Amino acid sequence: MISKHLLALGILGITGQLAFPVMAQDNLPRLMPDDLFRRNIGTQGQLDTPFEPHHIIDNIYYVGTQSLASFLITTDAGHILVNSCFERNVPTIRNSVEQLGFDFNDIEIIIGSHEHGDHMQGDALAKEISGAEVIVMAEQVPGLAHMRPGDKPHPIDQVIIDGDQVILGNESLTAHLTPGHSDGCTSWELTVSEGGRDYKVVIICSVGVNPNYQLWNNPERPGIVEQYEYSYAKLRGISADIPLGSHPTMYRLEEKFALIGGETNPFIDPEGYLYEIDINEQAMRLRLEEQRIAAESE
Ligand SMILES: [Zn+2]
């Protein structure tokens, strides 16, 4: 199936925005962008209800809500917070950090998945409380300029580019620009170890298509389809052992949470990583085809 996708990427790469026949995906359920969006966001209540904070692997912990993921990565020189979520979620995240026995004030660096309110709106408040530095991807900057909860400007202490590393103490995360969902969508890669083995972790930014996205002939984002294609290929090239994501359903947290404490760490799931890319690519192509047909019948 993956090779079929790579072939598909090749075809579209040559023909640009030409019509692309949606291929039969033998073992993928036919989920549309709206299905995946609903899967990610959940209910209004889930956005704000904490998910039980827990240890994922090595120095990575979950401190987010039922539908908005936030991760604490601990180091010998303080901690890194990935995703402050909505500003109203910051007290919940802080509670979760403390429940795990860590101090929110020890957070030294705040980074985020992408420049949408549900992942990075809380940066200003989280920085105010912890004094952490906010490090952002260059392509996130324009979107973040509009993110002003309570009219506070979005804090930016350092701007990085694709491939840069964020280093704190003994930890380093690689920032991969994986655009499409947004121009500054960033997937974070780090290596952890457990039981004498190393594992590659990728916090997938999102390769999802929101219900209102125009893929076919979008004058504001003419390269949006190519951005998604670039990101599928780039993420597949990383071959992660442990997928995480900006929404916990992107890596089936609930299911895996129930298996914590078993023989193997349930978060080790390389197939789940590829599935998340495949299912989103299929949805993107179905939507693109839908929009192409609609445009041509006008
Ligand atoms: Zn988003």
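The values are calculated or read from the model by the stated rules, or taken from the named source; none is laboratory data. For clarity, every value in this text was computed on a predicted model and none was experimentally measured. Cβ sites come from the backbone with ideal geometry, for glycine too, and all protein chains shown count toward neighbours.
Checking the condition out of contact with any Leu (no Cβ under 8 Å at 6 or more places or on another chain) and not in a loop (DSSP other than H, G, I, E, B), which residue from PRO219, PRO243 passes?
PRO243
Within the stretch 159-197, can you find the residues that are touching a Gly at 6+ places or on another chain (Cβ under 8 Å), of a type in the set (A, V, I, L, M, F, W, C) and more than 16 Å from the ligand (Cβ to nearest atom)?
Across the stretch 159-197, the qualifying residues are LEU168, ALA175.
Please count how many residues of the stretch 105-114 are touching an Asp or Glu at 6+ places or on another chain (Cβ under 8 Å) and buried (at least 22 other Cβ atoms within 10 Å of the Cβ).
Adding up the residues that qualify gives 3.
Say whether the condition of being in a loop (DSSP other than H, G, I, E, B), within 16 Å of the ligand (Cβ to nearest atom) and within 21 Å of TYR273 (Cβ to Cβ) is met by at least one residue in the stretch 147-156.
no
Hey, can you tell me all the residues within the stretch 233-253 that are out of contact with any strand residue (DSSP E or B) (no Cβ under 7 Å at 6 or more places or on another chain), among the hydrophobic types (A, V, I, L, M, F, W, C) and more than 17 Å from TYR61 (Cα to Cα)?
ALA233
Within the stretch 240-253, is even one residue over 14 Å from the mean Cα position of the chain (by Cα) and surrounded by fewer than 19 Cβ atoms within 10 Å (Cβ to Cβ)?
Among the residues of the stretch 240-253, not one is over 14 Å from the mean Cα position of the chain (by Cα) and surrounded by fewer than 19 Cβ atoms within 10 Å (Cβ to Cβ), which makes the answer no.
Which residue pairs have Cβ atoms under 8 Å apart, sit 6 or more places apart or on different chains, and have a first residue in the stretch 211-223 that is over 13 Å from ARG285 (Cα atoms) and a second that is modelled with pLDDT under 95?
Pairs that qualify, where the first residue is over 13 Å from ARG285 (Cα atoms) and the partner is modelled with pLDDT under 95, are ASN217/GLN17.
PRO50 passes all but one of (1) touching an Asp or Glu at 6+ places or on another chain (Cβ under 7 Å); (2) more than 16 Å from the ligand (Cβ to nearest atom); which number fails?
(1)
Would you confirm whether any residue within the stretch 279-288 is closer than 25 Å to GLY195 by Cα and touching a residue at least 24 places away in the same chain (Cβ under 8 Å)?
No, the stretch 279-288 has no match at all.
Which residue pairs have Cβ atoms under 7 Å apart, sit 6 or more places apart or on different chains, and have a first residue in the stretch 173-184 that is assigned to a strand (DSSP E or B) and a second that is of a type in the set (Val, Ile, Thr) and within 12 Å of the ligand (Cβ to nearest atom)?
Here the result reads ALA175/THR186; HIS176/THR186; LEU177/THR186, each pair linking the stretch 173-184 to a residue that is of a type in the set (Val, Ile, Thr) and within 12 Å of the ligand (Cβ to nearest atom).
Conditions (1) over 17 Å from the mean Cα position of the chain (by Cα); (2) surrounded by fewer than 17 Cβ atoms within 10 Å (Cβ to Cβ); (3) β-branched (Val, Ile, Thr), marked per residue:
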residue	(1), (2), (3)
ARG148	yes, yes, no
PRO153	yes, yes, no
ASP157	yes, yes, no
VAL166	no, no, yes
HIS176	no, no, no
SER206	no, no, no
VAL209	no, no, yes
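Of all residues in the stretch 198-225, count the ones that are within 24 Å of ARG39 (Cβ to Cβ) and either among the basic types (Lys, Arg) or within 13 Å of the ligand (Cβ to nearest atom) (or both).
So the count comes out to 11.
Consider only pairs whose beta carbons are under 6 Å apart and that are at least six residues apart or on different chains; among these, list those whose first residue lies in the stretch 236-249 and is among the acidic types (Asp, Glu) and whose second residue is assigned to a loop (DSSP other than H, G, I, E, B).
These pairs meet every condition: ASP241/ILE268.
Quick one: in the stretch 90-140, of everything that is assigned to a helix (DSSP H, G or I) and within 16 Å of the ligand (Cβ to nearest atom), which residue is farthest from PRO50 (Cα to Cα)?
Among residues in the stretch 90-140 that are assigned to a helix (DSSP H, G or I) and within 16 Å of the ligand (Cβ to nearest atom), the one farthest from PRO50 (Cα to Cα) is GLU139.
Somewhere in the stretch 247-257, is a residue modelled with pLDDT of 95 or more, within 16 Å of the ligand (Cβ to nearest atom) and not in a helix (DSSP H, G or I)?
Yes, some residue in the stretch 247-257 is modelled with pLDDT of 95 or more, within 16 Å of the ligand (Cβ to nearest atom) and not in a helix (DSSP H, G or I).
Give the stretch 262-298 a look and list any residue that's under 25 Å from the mean Cα position of the chain (by Cα) and surrounded by fewer than 16 Cβ atoms within 10 Å (Cβ to Cβ), or say none.
THR264, PRO270, GLU271
Does LEU47 satisfy being assigned to a helix (DSSP H, G or I) and modelled with pLDDT of 50 or more?
So LEU47 fits the description; yes.
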